[in-house]
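Notes to accompany the following structure.
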Amino acid sequence: MIYPILVYGHPILRKKSEVIDKNYPNLSQLIEDLWETMYKTDGIGLAAPQIGLSIRLFVVDGALLVKDHPELKGFKKVFINAKIIEEDGERVTQDEGCLSLPTIREDVTRHKRIRVLYMDENFVQHDEVFNDQRARIIQHEYDHLEGKFYIDYLSPIRKRLIRGKLTSITQGKVKADYKIKIP
Ligand code: NI
């Protein structure tokens, strides 16, 4: 099932998400739906809060970016109850977009390397280090679990410059190539 994407202004996107366990209802179907929705929207990551579920689950697939970032080859994963336990001091700036922020794209500075504790779709625990683009994608999706958006990191000037666009999004005066759910 393809879900509509909640956009900026929806209160669920500002909530801290809950940890889940294996007994979470219809979890495997939900993961399938996240994949299906993500591929339909040409996303490279999708977090459960973006479809209206405040739980610590996200999926990523870097396939669409492999041409520019070969290190993303094979980077397709499900993250359940992810926890970033280490962040490298070195930071990198690059532009980002988000399905919940249609029409906006901004430079974001993020950690180059992170260490993450997470469970996969079979609830097998992993403790893994991710670098560069992989680290960036995970940090972006992880922020959704924490009720954050990448635009939270922008300078006051950049924030002011996108204010009009944000207002349009919250009022539903925005177009996307995929189905969205306005606040
Ligand atoms: Ni996003």
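The values are calculated or read from the model by the stated rules, or taken from the named source; none is laboratory data. Just so we're clear, the structure is a prediction, and the values are computed from it rather than from any experiment. Please note: Cβ atoms are built from the backbone with ideal geometry, for glycine as well, and neighbour counts cover all protein chains shown. We work out accessible area using only protein heavy atoms, side chains counted, and drop any ligands, DNA or RNA first. Shrake-Rupley method; radii C 1.70, N 1.55, O 1.52, S 1.80 Å.
In terms of accessible area, using a 1.4 Å probe and ignoring ligands and nucleic acids, Glu128, Glu141 rank largest first as Glu128, Glu141.
What fraction, in whole percent, of alpha-carbon pairs in the stretch 108-158 exceed 16 Å separation?
Working: 627 of 1275 pairs.
When every Cα pair of the stretch 108-158 is considered, 49 percent fall beyond 16 Å.
For the chain, the calculated P(r), taken from all Cα-Cα distances in 10 Å bins from zero up to the bin holding the longest distance, is 9, 38, 39, 13, 1 percent. The charge dipole of the stretch 1-75, taken about its Cα centre with unit charges on the Cβ atoms of Lys, Arg (+1), Asp and Glu (-1) only, comes to about 280 debye.
Counting only residues at least eight positions apart within a chain, or on another chain, the lysines with an alpha carbon under 23 Å from that of Lys76 are Lys22, Lys40, Lys67, Lys112, Lys148.
I need the peptides 56-66, 101-111, 152-162, 167-177 ranked by packing, meaning the mean over residues of other C-beta atoms within 10 angstrom, with the highest value on top.
Details: 56-66: 20.5, 101-111: 17.4, 152-162: 12.3, 167-177: 13.8.
In decreasing order of mean packing, 56-66, 101-111, 152-162, 167-177 become 56-66, 101-111, 167-177, 152-162.
Of all the accessible heavy-atom surface of the stretch 1-148, with the other protein chains kept in place and a 1.4 Å probe, what percent is carbon and sulfur? About 48 percent, which is the carbon plus sulfur part of the accessible surface. Taking the Cα centre of the chain as origin and assigning +1 to Lys and Arg Cβ atoms and -1 to Asp and Glu Cβ atoms, the resulting dipole is close to 840 debye.
Calculate, for the stretch 51-147, the solvent-accessible area per residue in square angstrom, rolling a 1.4 angstrom probe over the heavy atoms of the protein chains. Intermediate results must be reported in sequence, preceding the final value.
Working: 4310 Å² over 97 residues.
About 44 Å² of surface per residue is accessible.
Calculated mean residue ellipticity, 222 nm, the chain: -7000 deg cm²/dmol, from DSSP H runs (n ≥ 4) at -39500 (n - 2.57) each, averaged per residue and rounded to 500. Tally Lys and Arg at +1 and Asp and Glu at -1 over the other residues with C-beta under 10 Å from the C-beta of Asp177: what net charge comes out? Surrounding charge for Asp177 is +2.
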